[in-house]
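The values are calculated or read from the model by the stated rules, or taken from the named source; none is laboratory data. The structure displayed is predicted, hence computed values, not measured ones. A quick note on method: Cβ atoms are made from the backbone with ideal geometry, for glycine too, and the neighbour counts reach across all protein chains shown.
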Amino acid sequence: MATIHADQNVTTQINVFEVDPKNQDELARLLIEAVELVSAMPGWISASVHKSLDGTRVTNYAQATDYPAWEAIVERLRSNGYFERFQKLAKPNPCMYRCIYSRSSD
């Protein structure tokens, strides 16, 4: 489950993929496959895959304990060819974040 707390030093990548609606389901399945590959790695916390209701985007919200752990996760995905596969289906737009505020219902 995603862990969102502003008081932790968690590294988060939010990647919004622009996708042709006919490729949305395939891209979502590929992202889930990639998550399964890396989910047992040291430092991995969580990942969530979201499909836009209009079919034009898939968003991946992924967390690691710190940036070095995230770099190791990315290298494993790269060495297994996932980045090339993602780019064949969509245009990725990744960015790294650190949460500064979070509020949820109790």
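Just one of the listed residues (Glu26, Glu18) is in contact (Cβ under 8 Å) with a residue 24 or more places away in the chain, charged (D, E, K, R) and in contact with a helix residue (DSSP H, G or I) (Cβ under 9 Å, 6 or more places away or on another chain), and it is Glu26. Would you say Ser48 is among the polar types (S, T, N, Q) and over 21 Å from Val16 (Cβ atoms)? The answer is no for Ser48. Contact map, the range 88-106: first residue assigned to a loop (DSSP other than H, G, I, E, B), second residue at pLDDT 95 or above, Cβ cut-off under 6 Å, separation 6 or more or different chains; pairs are Pro92/Asn15; Pro92/Phe17; Pro92/Phe86; Asn93/Val16. For the range 71-95, a tally of residues being of a type outside the set (Lys, Arg), surrounded by 13 or more Cβ atoms within 10 Å (Cβ to Cβ) and under 17 Å from Pro21 (Cα atoms) returns 4.
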